[in-house]
Structures are given as structure tokens and as C-alpha cells.
1. Under 15 Å Cα to Cα from A:Lys17, which aspartates and glutamates show up? Leave out anything in the same chain fewer than 8 places away.
2. Across peptide A:80-91, how many C-beta atoms of other chains are within 10 Å of each residue C-beta, on average?
3. Averaged over B:110-122, how many beta carbons belonging to a partner chain fall within 10 Å of each residue's beta carbon?
4. Using protein chains only and a probe of 1.4 angstrom, how many square angstrom of B:Thr261 are accessible, to the nearest 10?
5. Which order, highest average first, do A:71-78, B:77-84, A:234-241 follow once you tally other Cβ atoms within 10 Å for each residue and take the mean per peptide?
6. With the solvent-accessible surface defined on protein heavy atoms using a 1.4 Å probe, which residues belonging to the stretch B:22-39 display a reduction of at least 50 Å² in accessible area in the multichain context relative to the isolated chain?
7. Taking the mean number of other Cβ atoms within 10 Å as a proxy for protection, how do you rank A:30-40, B:226-236 from highest to lowest?
8. Leaving out ligands, DNA and RNA, what percent of the accessible area of chain B is carbon and sulfur, probe 1.4 Å?
Amino acid sequence: MKAVEAMDLTKMYSDFKAVDSISFDVDEGQIFGLLGPNGAGKTTTIRIALTLIRPTSGTIKVFGIDCVKSAASVRQISGYVPQEVSIDTDLSGYENLLMYSKLYYTPKEQRGQRIQDALEYMELADRQHDLAKTYSGGMMRRLEIAQALMNRPRMLFLDEPSIGLDPSAKTAVWNQIMHLRDEFGTTMLVTTHDMHEAEVLCDEIAIMNKGKIVADGSPTQLKDDMGGDMISITAHDGDCSLILREHGQLLVSKPDEGTYELVVAQGEKAIPAVLESLEAHKIHVESVSLKKSTLDDVFLKYAGARIQDGGTWRDARVTRLAMRKRKG
Amino acid sequence: MAGCASHEISDEEAKRMIGSKFLRTVSTLAEFELRKLRHDSSEIFIRGVQPALWLLVFGTALTSIRAIDVGSFTYLQFLTPGVLSQSVMFVAVFYGIMLVWERDLGLLNKLLSTPAPRSAIVLGKAISAGVRGIFQAIVVFVLALIINVQLSLNPLDLIGVALVIVIAGMCFSCLSMCLAPIFKSREKMMGIGQAITMPLFFTSSAIYPINQMPGWLQIISAYNPLSYITDAMRALLLPGYVSNIPLDLGAGLLATAIFATIATILFRRILE
């Protein structure tokens, strides 16, 4: 059985398609990543799976249970770590966990043990009786994950798990997420706009842009699809695009700014040849850099923009406006 | 036949499980409201300032002016139950604003991702408002005793008052939770909070007797839940005050039931 199975899932906000007939499935025991810029429809997808909002059309099942027809059953086996701060900062860490173990109807005799296990696992045991408002950002996030473990979920949904954390807190959260998969076999669906996070964490990735899944596969597969490495060149003496096309796939060509990005099979070996032919055309090259392909490049290839580009932020704003304007 | 019987039992069991889940959710939400109050009760005292002004300034001034005829009671005696119910209403109306606030923070998403039934979440929050209302009322009540207002201290009466306060807290928190999914933003809800509390207060029997109001105001007052809440409190706290307590409680409960139902139906919309 698949852990998550989505078929032609669509969510409309008035005439705006937040999620545009996507289909994907997540294998049991896997960390599955939805990667894309803000406003791509990742959070909407997670919220549909968690039965917080209803899809306009299409189906989604969690461990074979339909998210529309049997919402309460899906919620009983799912855990959720929202993007925003979701712990009650006016309660202690321990109380935050106690509250959720009660809301998941955990039998009384199991509660204490589960809470202590989660606290120790997330390295919060020594601060459990302090109010959560005194915690650091990383501790709050770990408490949120601990909270989502109170019902021992088969399926855990993490929305931007490391957003706003400093590098060391980020690494700690990543390690704990991976431990969950390795030790308990918990299946996870993670959304992120951080390429590096997706590469570190995920077994499988679906790249989302403007409500659609534009590519999917394992991180290695996706990078292999790129067909090689990227050479970035800066040169201001006229248009180099024709010359560069002879050497590989020209991904970016901005003669006005003098920047070009070229995909070639073996970057180290291609550079001398590229430089030679540019010099033969009397073009002075100011700088060259070589980059092994990353998921960001994969995203660029399929979505036609860099993930952190200004355009994508505008998309995010459009989504939020559409959500706010939505009537009824 | 045997198979049929066992099926019936499991059905009944399933129903009982849903019932117990409902109650467990409600009691959990109320329990953690109490825990929050225990961690930090300063808000209750800050919110006590306004009722204190009503009692100390407005109440004492009108008592000495004797502009309002309240029968055999002093005006302060008459006013105290009104200020009590008003302070509970102010606390309760805040729950709609808090709902929007929790939505913005992510707390509400998280809460709604548990198997807890939506109606139990609404009712749990409503009971929480009642619980907080009791503590708020204690502050006002003690203040009234300090300035020597003669009130009934009969334990049975006080238990009755606590019950009325819980109904009031539920009623007005459900009203504001009906409005939260419609207005959706914190700023609007702040405005709405102001826009409903003051009219509810001034069109109720909280500061003047209904029989002295102009005709049109009497009609409005008869549809205002705060009038019934205040009346019930007066009947319990002022020996000799005549009111139909079952009617008062019935009206409060009916309003609560209506608001709670609408809030449950609209609840999903707050996330979208």
C-alpha cells in the first residue's frame, strides 16, 4: 500500500488554481519532498491531505483512507508540524505535549512514557517544565515535532521544517527527522523551498511550480537528468550565445548583462575548449566558474526561473491575495 | 440473528466512543485554559480595571444622584450584577479574536489536525471562556464586597452565579466565534468586538431597569441575552429581587445553542 496517493488533486480559490490537478504517491517509510517556491501550492497540498481544507476535485488517500470521506480517521494516524509556530507559548513544554496526547486520546497509562520518550528524543527533557515562550527557535521547532509524535503517527507532515532556524539548529532538526525514518519507519511528507534541505532529507522529490508538479524523482535522478555541470561565464564584448551553443545547452543568455550559463557533460574538460573558441572570436572573458549541477538547476530547467527569483515571491503574493479575496 | 445483535452492539459502542471523545476534547481544552491562567493571571487583573471604573465612578456617582429608581436596592447593588455579567461578556468576546490570532500563528491548524470533532473544539473553547469568566467575575465580586455592596453570600446562590457565568461565557464566546470565520482578520475582529459589546451592554438591563426604558429599547432588550444573564445574577445576588430564573437560564442556553451551532458550521471557513 502507498502511504499517500494523490490523483488529479485540484484546489481552486475563486478562479485561481492553487493546486492544479497533481498526482503523486509516497512509498511507506520514505521521506518525500514537495519542493518549490512560496506560492507553488505545497502548503495547500499538505492541508488537503490533513483534511484541513477540501479539494475542489480529485482524490487523496493516506494509507488507503480517503481524506474527504474519512477525515477523522486520517487525522488519527497523521502528525502535523505547520510552518508557523504552533505550540502554545503560555504553556510549558511538558504541558504542550500532555495536551496533544490527550487530544489524540492516548490511553492514560501510555501518556507519561510517550511524553518522556519524545522529550528525551528531541533533547528537551531538562527544560520540559519551563514555559515554551522561553525556548529558542530550534527548541520550539523540536517541541513541535515532539508534539506531532504524540499519537505515534504513521504519516508525518512537515511544512518547511527548518524555516527560520540557524545552521546548527537546522542540522539538528534534519538529523532528528532522518532518525524518525530510520528508527521507526515513519513516512514523512516534507515541503521546502530550500534545495539543500531537499537534497539532504528526501528520498524522493516532486518539484512544484504554480500549482503543478513539473518534475519528480530521487535527487540523484533529477540531477542526472540535467545532463551535466554548469559553466557560468561573464563577458561583455557582444553576444556570445551563438558560439556557446556549439559547446552545450545554453540555459541562461543575457548579453546585456554579459552573463551566460551553459550546461556541459564534463565541466572541467569543456572549459578550455569554450575559452579557446571565445578568444578566437576576439571575445574577452572576464570570469568563468564551474558548478556541479544542483536541484536549483533542475528547478530552473523545469520551471524556467530560479527558485529564489523575485517572480516567485510575486506568485506567493498572488496566491495569498486570491485566498483572501475568495468568497464563500 | 447473532450476527445482527453483535452488529448493534458495536454500533452502540462506536457511538459511545464518539460521545466520550467529544467530552474528552472539551475537558482537555478547558483544563489547559486553567493551566494557562495558573501560569499567568495578570490579564484578569488588567481586565478588572474597566469594571472597577463602572463600580467606583459610575456606580457611586449615580448612587448619590439617585437618578435611576431601582426600588428598594441601592443603585450600586443593582449595578454590581450588571457589571459582573458585562465583565464576563468582555472576556468571552475576546475568544473570537483569539481564534483568528491562533489561526495566524498556526495553533488552530494544528488543533484542527487532531481527530477532535469540530463541535467539541467550539464547545471546549466556549467552556474555557466560561472558566476564565468565573475568575474574572471573582475579581469584580471581591471589589464589590470591598466597597461594601450588600450581596448574597449564600453558597448555593454563589454556585448558581458561577453557573450563570459559565453560560454567559459560552454564549458570548460562541457569538464571537460565529463572527470570526466571517471577518477573518484580527483588525476587523477587534473592531467587531467593540462594535458588539457596547451595544449589547447598553441595550441590556445591566445599568438600568427594563421597565424604565423607552418602548423601543425594551423590545431590543428582550432579545438581548445579556439582559437575561444579568437578571438571573440579580435574582441570585440581591435578596428580594424578583425574576424568572428558569426563563433567564433557558434564554441564555438557547442563545448559546444557536451561536454554537452556527460557529461549528462556519468553523471550517476560518482556515480557507
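The values are calculated or read from the model by the stated rules, or taken from the named source; none is laboratory data. Please read all numbers here as calculations on a predicted model, not as lab measurements. Counting neighbours? That spans all protein chains shown, and the Cβs are built from the backbone with ideal geometry, glycine included. Accessible surface areas use protein heavy atoms only, side chains included; no ligands, DNA or RNA. Shrake-Rupley method; radii C 1.70, N 1.55, O 1.52, S 1.80 Å.
1. Within the straight-line cut-off, A:Lys17 pairs with A:Asp8, A:Asp315, B:Glu272.
2. Mean shielding by partner chains, rounded to a whole number: 5.
3. On the way: counts 16, 5, 7, 17, 14, 13, 6, 1, 2, 0, 1, 1, 0.
If you average over the peptide's residues, the count of other-chain Cβ atoms is 6.
4. The accessible area of B:Thr261 comes to roughly 80 Å².
5. Working: A:71-78: 19.0, B:77-84: 27.2, A:234-241: 15.6.
Listed from highest to lowest mean packing, they are B:77-84, A:71-78, A:234-241.
6. When all protein chains are present, B:Arg24, B:Thr28, B:Phe32, B:Lys36, B:His39 each give up 50 Å² or more of accessible surface.
7. Details: A:30-40: 25.0, B:226-236: 27.4.
Taking the mean over residues of other Cβ atoms within 10 Å, the ranking is B:226-236, A:30-40.
8. Working: 8520 of 12220 Å².
Here it works out to 70 percent.
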